[in-house]
Amino acid sequence: MVAVTTYLGLLAVTFFIGRVVPIDPVLAILGDRAPADVVERTRRALGLDLPLYEQFYIYLKSVLNGDFGTSVLTTNPVMQDIAEVFPATLELALVGTIIGTVIGIPSGVLAAVKRNSIIDQIVRVIGLVGYSVPIFWLALIALVIFYAKLRLVAFPGRLDVAYAYTFEPITGLYLLDSAITGQWDVFWDAFRHIILPGALLGYFSLAYISRMTRSFMLNELGQEYIVAVRAKGLSERKIIWSHALRNAAVPLVTVIALSFAGLLEGSVLTETVFSWPGIGFYITNSLQNADMNAVLGGTIIIGTVFIGINLLSDLLYRFLDPRTRNR
């Protein structure tokens, strides 16, 4: 019920944003020099002459049927455009989440075990910087260093021109598709393009995951069962990784899921800087060209995915922790 209410709230917010922005959707379609009678006829055809509550009902019905209108910029249905660009964002967010998880969890565990040591301070500073530094600034600096100066990564985009028009993706995830088809030259080219933006998103994911891991581990290491297993003579290594981390892993599932959702919705600036053809770049480009159907459609899709991942993480939490099932 909460998810349904949240989704309806999302639709209401996007609808009213589309009505209050100083962009006339009719003029965006027809242009500034269209005759007045054509403008009026188009306005009636789009239902923009109706009261707001009727317009919202029509909008709600269209969205629930998967109809977000037509993009002014591409002249394609917005849903078709989103289906083409979303895999790029999904792949980038997956790479960022994997990097953040693989590095963030061990860092958080080490910081908790070595509490108040120099290692703990380093991990906390890394996390603080990850929260504080604007990602677009860090992305620009990374491009200057790793692309312009060191030439360690490829030019912004997903693939070099040599592969862009010959490679035929299956799922839209270039790393997976090229590996499945055995096109390893395409795989390494895609890897060289995604590693820098993926590492940047992974750093911001790492900052969140390591901080939460540290907090969960400190809580677990202070529990009475840890004292009991220490009294039984278990090694400190086994206590940390087999007992404390195992119990901390349950809430960590939710943290990782939320981090992944955050990368999906928060990769707009990263995609813009790296010319990554994902949904964030699509929304930004559409906004610059007053294509509100595309902007609102992309916003709704990202919001829907975020709500879905939150719901899934809550279900996983209940599945992994039987104590929460009856709450």
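The values are calculated or read from the model by the stated rules, or taken from the named source; none is laboratory data. Because the structure is predicted, anything quoted here is derived from the model rather than measured. Virtual Cβ from ideal backbone geometry, glycine too; neighbours counted across all protein chains shown.
Observations on the structure shown:
- Residue 138 meets the conditions (1) part of a loop (DSSP other than H, G, I, E, B); (2) in contact with a helix residue (DSSP H, G or I) (Cβ under 7 Å, 6 or more places away or on another chain); (3) touching a residue at least 60 places away in the same chain (Cβ under 8 Å) in every case but one. The failed one is (1).
- Residue in the range 19-30 that is aliphatic (A, V, I, L, M) and without any contact (Cβ under 8 Å) to a residue 12 or more places away in the chain present: yes
- Condition broken by residue 127, with the remaining ones in (1) surrounded by fewer than 17 Cβ atoms within 10 Å (Cβ to Cβ); (2) within 20 Å of the chain's Cα centre (by Cα); (3) not hydroxyl-bearing (Ser, Thr, Tyr) satisfied: (1)
- Any hit, the range 229-236, residues being of a type in the set (Ser, Thr, Tyr), more than 30 Å from residue 153 (Cα to Cα) and touching a Ser or Thr at 6+ places or on another chain (Cβ under 7 Å): no
- Whichever residue in the range 52-69 is surrounded by fewer than 17 Cβ atoms within 10 Å (Cβ to Cβ) and touching a residue at least 40 places away in the same chain (Cβ under 8 Å) and, among such residues, is farthest from residue 280 (Cα to Cα): 56
- Apart from one condition, residue 105 fits all of (1) part of a helix (DSSP H, G or I); (2) more than 22 Å from the chain's Cα centre (by Cα); the exception is (2).
- Filter pass, residue 154 being in a loop (DSSP other than H, G, I, E, B), among the aliphatic types (A, V, I, L, M) and crowded, with 17+ Cβ neighbours inside 10 Å: yes
- Qualifying residue in the range 112-131 (condition: part of a helix (DSSP H, G or I), aromatic (Phe, Trp, Tyr) and under 23 Å from residue 288 (Cβ atoms)): no
- Some residue of the range 224-246 being in a helix (DSSP H, G or I) and either under 21 Å from residue 260 (Cβ atoms) or not assigned by TED's automatic domain parsing to the domain that holds residue 114 (or both): yes
- Positions within the range 284-298 being touching a helix residue (DSSP H, G or I) at 6+ places or on another chain (Cβ under 8 Å) and either assigned to a loop (DSSP other than H, G, I, E, B) or under 12 Å from residue 264 (Cβ atoms) (or both), in sequence order: 290, 291, 298
- Candidate set from the range 138-184 (those that are within 19 Å of residue 95 (Cα to Cα) and charged (D, E, K, R)); member that is modelled with the lowest pLDDT: 158
- Which numbered condition residue 206 misses (of (1) farther than 30 Å from residue 137 by Cα; (2) of a type in the set (A, V, I, L, M); (3) buried (at least 16 other Cβ atoms within 10 Å of the Cβ)): (1)
- The residues on offer are 117, 107, and the sole one that is at pLDDT 90 or above, of a type in the set (Ser, Thr, Tyr) and closer than 28 Å to residue 193 by Cα is 107.
- The set of residues in the range 93-116 that are surrounded by fewer than 14 Cβ atoms within 10 Å (Cβ to Cβ) and either farther than 12 Å from residue 214 by Cβ or not assigned by TED's automatic domain parsing to the domain that holds residue 241 (or both) contains only 102.
- The range 300-320, residues that are crowded, with 20+ Cβ neighbours inside 10 Å, in contact (Cβ under 8 Å) with a residue 40 or more places away in the chain and under 12 Å from the mean Cα position of the chain (by Cα): 301
- Test set (1) at negative phi; (2) touching a residue at least 12 places away in the same chain (Cβ under 8 Å) - residue 275 fails condition number: (1)
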